Amino acid sequence: MSELISSHRKEALKEILRRLHAGEPLSALREEFRRAVGNITPWEIAQIEGELVSEGISPEEIRKLCDLHLELFRESLEKEEPLAPAWHPIGILMAEHRELLRISEHLNRAVNTNNQEEIRHIREHLRESEKHYLREENVLFPVLEKHGIVEPPRVMWSEHQEIRALKKEIQSAEGPRLKELAVALAEMLSSHFFKENRILFPTALRVVPEEEWPSLRAQFDEIGYCCFTPPVPPAPVPAAQATAGFAPAPAAEIRLRFPTGDLTPEELEAILNTLPVDITFVDKDDTVRYFNSTKDRIFVRTPAVIGRKVQNCHPQKSLPVVERILREFREKKREVAEFWINFQGRFVHIRYFPVWGRNGEYLGTLEVTQDITRIKTLEGERRLLDEGPAG
């Protein structure tokens, strides 16, 4: 990130984008772009769009006009081809792009030939493809934000929401409407993947240090894959055995003392992970600080989210609700915010609570999520231990 764009070149490009936003036709600006700017790198696009937002152009406006930007930059971007090995998170995402484009082509053929068995099979693949978007949103995007790349991930997440809406409707659509949706999905994926392959991924390879990628791959593995199983990463080079034969003395046991008892850190972690709820804590500065690791977590959480602003953990359309909850908690106008939704065949209860310090100061917000599908079916009483298998 040490390279700087020349101020003259940067201002020329920003002025062209402003005129594009103001409604000037693309055809009139393309030649001026070639003369004033010439070739442009994905990193420069990410940097300049971020500056435009800081100067008052809304992220939503950037989102709406992203396709125009892409068309303006297309000739330059066609020359960019990010290179990453097959095990690498970027290599995996690009391979999945190719596979998902192939699946969308098969869907169009199956719809045109009314092949119901193939349509059913493709619908299953589309449901599984959710893991692709979850890995980007929960691993890649937070890391990019930590390295100063904010606007491109925000735009891509907005497009993920549009793709999800199309996939959801495809699951039940029939006849002419299904044909229309299949065409729309193919077009949307082609445009979206081009932006990621040519802008987002090269930028990621530039700003994320090499030593961070193995950890990101491990987080990818935890979420899982949708189209294939990627190759195993190369084994890390073992550290020099400079301390061979030396065994450090065990540290004294640490106990965390509370008014109602004390626990070791290991005990506390195990207790939090044993709770039948997912919890996530956001501190007083709206930064994600902790989540527990339950056996059957409902919503994806990865280590990459730690240190991320909670506003960046939600799609753009949800931000007004998020901001309102946090504001009303701070102002002590609300003691809980709760929601319940149907999610992947489960009935999920989601609650948010303000967390207060001993002196009444606001410490942050706790999210508690629970699958209450079985709880809703309970009736009567059970006073004896179930004789079935334990667990």
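The values are calculated or read from the model by the stated rules, or taken from the named source; none is laboratory data. All values derive from a computational prediction rather than experimental measurement. Cβ: placed from backbone, ideal geometry, glycine included. Neighbour counts: every protein chain shown.
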Selection from the stretch 328-346 of residues that are surrounded by fewer than 17 Cβ atoms within 10 Å (Cβ to Cβ), assigned to a strand (DSSP E or B), of a type in the set (A, V, I, L, M, F, W, C) and modelled with pLDDT of 95 or more: 339, 340, 341
Residue pairs, Cβ under 7 Å, 6 or more apart or interchain, first in the stretch 138-167 and of a type in the set (Ser, Thr, Tyr), second part of a helix (DSSP H, G or I). List them. 158/63; 158/316
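This table checks each residue for (1) among the hydroxyl-bearing types (Ser, Thr, Tyr); (2) in a loop (DSSP other than H, G, I, E, B).
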| position | (1), (2) |
| --- | --- |
| 301 | no, yes |
| 307 | no, yes |
| 326 | no, no |
| 348 | no, no |
| 359 | no, yes |
| 365 | yes, no |
Within the set of pairs 6+ apart or on separate chains, which have a first residue in the stretch 358-381 that is within 16 Å of residue 330 (Cβ to Cβ), a second that is loosely packed, with under 11 Cβ neighbours inside 10 Å, and C-beta atoms under 9 Å apart? 363/357; 364/285
Just one of the numbered conditions (1) under 25 Å from residue 270 (Cβ atoms); (2) out of contact with any Asp or Glu (no Cβ under 8 Å at 6 or more places or on another chain) is not true of residue 292; which one? (2)
Would you please name the residue that is farthest from residue 143 (Cα to Cα), looking only at residues in the stretch 277-307 that are surrounded by 15 or more Cβ atoms within 10 Å (Cβ to Cβ) and of a type in the set (Asp, Glu)? 278
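Only one of these is part of a helix (DSSP H, G or I), more than 17 Å from the chain's Cα centre (by Cα) and in the same structural domain as residue 97 (by TED's automatic domain parsing): 214, 142. Name it.
From the options 214, 142, the qualifying one is 214.
Table: residues versus (1) touching a helix residue (DSSP H, G or I) at 6+ places or on another chain (Cβ under 9 Å); (2) outside the structural domain of residue 302 (by TED's automatic domain parsing); (3) crowded, with 20+ Cβ neighbours inside 10 Å.
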position: 124; (1), (2), (3): no, yes, no
position: 130; (1), (2), (3): yes, yes, no
position: 135; (1), (2), (3): yes, yes, yes
position: 149; (1), (2), (3): yes, yes, yes
position: 153; (1), (2), (3): yes, yes, yes
position: 174; (1), (2), (3): no, yes, no
position: 185; (1), (2), (3): yes, yes, yes
position: 188; (1), (2), (3): yes, yes, no
Could you list all residues from the stretch 171-208 that are among the hydroxyl-bearing types (Ser, Thr, Tyr) and in contact with a Pro (Cβ under 6 Å, 6 or more places away or on another chain)? 203
Within the stretch 341-352, tally of residues that are without any contact (Cβ under 8 Å) to a residue 24 or more places away in the chain and in contact with a strand residue (DSSP E or B) (Cβ under 8 Å, 6 or more places away or on another chain): 5
State yes or no: is residue 317 of a type in the set (D, E, K, R) and under 19 Å from the mean Cα position of the chain (by Cα)? yes
